[in-house]
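Participant: Input: one structure, supplied below.
Read-outs throughout are calculated quantities, based only on the coordinates presented, and are distinct from any laboratory measurement. Please read these numbers as outputs of a predicted model, since none were measured by experiment. Heads up, the Cβs are rebuilt from the backbone with ideal geometry, glycines too, and the neighbour counts pull from every protein chain shown.
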């Protein structure tokens, strides 16, 4: 019988109190109320660790780099306790034939009971020869590993959408996972890379409730991808007021104005960057003074590049866009100043007449 999460934690000398605290923190990271902490605790105590195969296709390993930096929960708790991460060629000790034998063992031993996590995508041109794993095209390994999988998690924009490898003209014909594997449930966790806590939270949810979180129409978890970055951005009031950075390091940039005119894709990008943030919740690109590049959206690389700005974002009515509102705001301020000056002059004239 496979060990449960709680069995492993006890073996590591972790107290019951610390275990329950962990469950409460995990519930919070999932956006669940404190009443769900006992549910998570029960799942950790009774359910065996989840077997996971983590494959790498065409990618830069940034998803793994992000994952190992998770703070809530700590990735060591996810990898060493919650999951049975049997194969991941980035962090495992095995190599060569011994490593590839693990894939076969998991696929055959845990039919219908393991999760296939995929980072990167398969190239299909030249019979897949642009990405070779264990002497075979990655697309063959992907299809074989998916054959008995319970479900698939597509980590990052490479696996979810294709990302830079699939950008025009896409000479290798790099293809997102869902266009190759069509007979398995797939959850997409896009981003280049995804936020670490989003990745670990998705795994925790699947383990706890034995199902995927609610997904949007593109297959992304609604708990993290239901709102635009723009909706919760702390610079949003400046956008609404027509206050924009016009050039890098201008007065508007120093005052923290909206980065829309500098190419920020926040108004069209669905992700949790402005709420969960990065590096343990410390910051995110917009907070650091750089506009969102929309890396979690399908085809972001081909949609205007990094700095080409969005056009005609209508936030203020059918006829007005950000540029027009900005001009109108200047006009309103000017009119207000003139009106104030006129009123002040009238008051002074009246006061002078009263004194005479």
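Participant: Measuring from label point to label point, each 7 Å out along Cα→Cβ, what is the residue 3 to residue 127 span in nm?
Facilitator: Label at residue 3, label at residue 127, 4.4 nm between them.
Participant: Right, something else. Residue 104 versus residue 20, label points 7 Å from Cα toward the beta carbon: distance in nm?
Facilitator: 4.8 nm
Participant: Run the numbers for residue 90 and residue 308: contour at 0.36 nm per residue of separation, minus the present Cα-Cα distance, in nm.
Facilitator: Extra length from residue 90 to residue 308 when fully extended: 75.0 nm.
Participant: Here's a follow-up. I want to make sure I understand the PRE zone here: with the label point 7 angstrom from the Cα of residue 222 toward its beta carbon, which residues in the stretch 1-42 have backbone N atoms less than 18 Å away?
Facilitator: Within reach of a label on residue 222, which here means backbone N under 18 Å from a point 7 Å along Cα→Cβ, the stretch 1-42 contributes 30-33.
Participant: Quick one: if the Förster radius is 51 Å, what FRET efficiency do residue 10 and residue 250 give, using the C-beta to C-beta distance and rounding to 0.05?
Facilitator: For residue 10 and residue 250, the calculated efficiency is 0.30.
Participant: In whole Å, what three semi-axes, largest first, describe the equivalent ellipsoid of the stretch 5-225 built from its Cα gyration tensor (square root of 5 times each eigenvalue)?
Facilitator: Working through the eigenvalues yields semi-axes of 30, 19, 15 Å.
Participant: Could you give the length gained on full extension between residue 209 and residue 143, defined as 0.36 nm per residue of separation minus the Cα-Cα distance, in nm?
Facilitator: 21.1 nm
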